[in-house]
């Protein structure tokens, strides 16, 4: 069966510090991968998605970047965090070989920027 | 265009039925989803319905789709305290080739 991991689970960082959040998927290959941010426990904002290694699409301009160095690894980064980067970051995957885009989510990372 | 809307909050008593509603605007939606998010956790896929279906039932969950009105609902029978969570609907459209999520409905179950 497929599983998706995210770490760390929680993170407190000062403004201006760098960021690296990691997401890995097991039990599948060639997945579509996604990064979402959820502010204040509400709606989801799609940040990035990837259909393959090195292929990243950005949905909104922002202080963040994403990379996919391996097939089942997706990394969210920032060189200098802003207060507004605080939130709950969710990684998700979907099976590229199906017509639907049924997405399966990881447990999330709670980021607090002080 | 893509726009998925939900009411923000719903409170029900334990044992009653809950009905969470969702409206969407893209008539080319092919699949519609319901996800559940418990506090501090990721989203859990509950169920989905194909756009050529009107209804789907899965144990205590019933999904109704009115494609004419672009209205989706999730009914939870015999609501329990463990059902307290935020519920998101989402639509998948071939035109956008991605999921668009609603704003989420917080379900509170009281004793």
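The table for this structure:
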read-out	value
Test for residue A:73: is it farther than 18 Å from residue B:91 by Cα, without any contact (Cβ under 8 Å) to a residue 40 or more places away in the chain and surrounded by fewer than 21 Cβ atoms within 10 Å (Cβ to Cβ)	no
Residue ID - farthest from residue A:40 (Cα to Cα), chosen from residues in the stretch B:67-81 that are at pLDDT below 95 and exposed (fewer than 12 other Cβ atoms within 10 Å of the Cβ)	B:68
Residue A:46, sole failed condition from (1) closer than 22 Å to residue B:105 by Cα; (2) buried (at least 21 other Cβ atoms within 10 Å of the Cβ)	(2)
Candidate set from the stretch A:91-101 (those that are under 13 Å from residue B:90 (Cβ atoms) and buried (at least 17 other Cβ atoms within 10 Å of the Cβ)); member that is nearest to the other protein chains (Cβ to nearest Cβ)	A:101
Hits in the stretch B:99-111 (condition: away from chain A (no Cβ under 14 Å) and surrounded by fewer than 17 Cβ atoms within 10 Å (Cβ to Cβ))	B:110, B:111
Single match in B:96, B:90 (criterion: surrounded by 12 or more Cβ atoms within 10 Å (Cβ to Cβ), at pLDDT below 95, part of a strand (DSSP E or B) and within 14 Å of chain A (Cβ to nearest Cβ))	B:90
Residue selected from the stretch A:102-114 under the condition within 12 Å of chain B (Cβ to nearest Cβ) and assigned to a strand (DSSP E or B), by the criterion farthest from residue B:98 (Cα to Cα)	A:110
Exclusive hit being surrounded by fewer than 20 Cβ atoms within 10 Å (Cβ to Cβ), within 13 Å of chain A (Cβ to nearest Cβ), on the phi < 0 side of the Ramachandran plot and at pLDDT below 90, set B:51, B:29	B:51
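The values are calculated or read from the model by the stated rules, or taken from the named source; none is laboratory data. On a predicted model such as this, the values are computed, not experimentally measured, just so you know. Neighbour counts are summed over all protein chains in view; Cβ atoms, including those assigned to glycine, are modelled from backbone coordinates with ideal geometry.
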